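Only one structure is covered here, and it is reproduced in the block below.
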Amino acid sequence: MLWDKEKIKSILPHREPFLFVDEIMEVVGSEKVVAAKYVRPDEFYFKGHFPGRPIMPGVIITEALAQASIVLYYVCKPHIAEKHPDYYLGRVKAEYLAPVFPGDKLIMEVSNVKIMDKAGVVDAVARVKDKTVAKASLVFGIKIDKD
Amino acid sequence: MAANVEADIAKMVAEIIEVPVEKLKPDSDFFKDLGVDSLKAIEIVAAFEKKYRVIIPEKDIPKIRTLAQILEYTKGLNIK
């Protein structure tokens, strides 16, 4: 583990129960971040999605990928990320390929397509073990308070 | 620059900004005429860079506001 939850929380503004990055496993220069989310049986969304048949919602997988993207942004632009700007997700193209269940370790690989001061484009893949469960292209913006 | 490169770029831009390619006039301003916001503009740049394996410097991005300007910019990049 490269980053634990405390370090992640020093960068991400999200908090439980809406923090979906548990650890950073790998950082490849400014090109890629590999993150993990341990999908616990008591996740809040399993209560309704679905009763008796818990499956991680695709939108939550997308949110987890977006949060991992912020870590990649930090790696690329630490001088801005350290000021805790607002991050907003602008556009998502996603495919959901397999269900994610309680107990799974969701591994997220987020790759830099283009990251600039005020915006970023990343390609992301989520997998459980060796199986790809989702792929997405994310576009996000960054707004610093004094803008 | 080959006509097929021009057509490919027009198609790529049209897909991102979600307008039919025939409505994408060379001098239409992405922001004023086509409703492109800053994030879609970045998406166009990123798609362009990925497809043609070039880097567009951040300072050049605001100068590219029309399809004609993209094609003009492309001339300097030796894209075939």
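The values are calculated or read from the model by the stated rules, or taken from the named source; none is laboratory data. What you see is a predicted model; the values in this text were computed from it and never measured. As a convention, Cβ positions derive from the backbone with ideal geometry for all residues, glycine included, and neighbour counts pool all protein chains shown.
So the values come out like this:
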read-out: Subset of region B:17-38 [surrounded by 14 or more Cβ atoms within 10 Å (Cβ to Cβ), within 14 Å of chain A (Cβ to nearest Cβ) and assigned to a loop (DSSP other than H, G, I, E, B)]; value: B:36, B:37
read-out: Residue among A:100, A:59, A:113, A:128 that is of a type outside the set (Asp, Glu), farther than 30 Å from residue B:60 by Cβ and in contact with an Asp or Glu (Cβ under 7 Å, 6 or more places away or on another chain); value: A:128
read-out: Candidate set: region B:39-68, residues that are charged (D, E, K, R) and under 13 Å from the mean Cα position of the chain (by Cα); chosen: the one farthest from the other protein chains (Cβ to nearest Cβ); value: B:65
read-out: Yes/no for residue B:74 being hydroxyl-bearing (Ser, Thr, Tyr), out of contact with any strand residue (DSSP E or B) (no Cβ under 7 Å at 6 or more places or on another chain), at pLDDT 90 or above and surrounded by 12 or more Cβ atoms within 10 Å (Cβ to Cβ); value: no
read-out: Residue satisfying condition, being exposed (fewer than 14 other Cβ atoms within 10 Å of the Cβ), outside any helix (DSSP H, G or I) and at pLDDT below 90, within set B:80, B:51; value: B:80
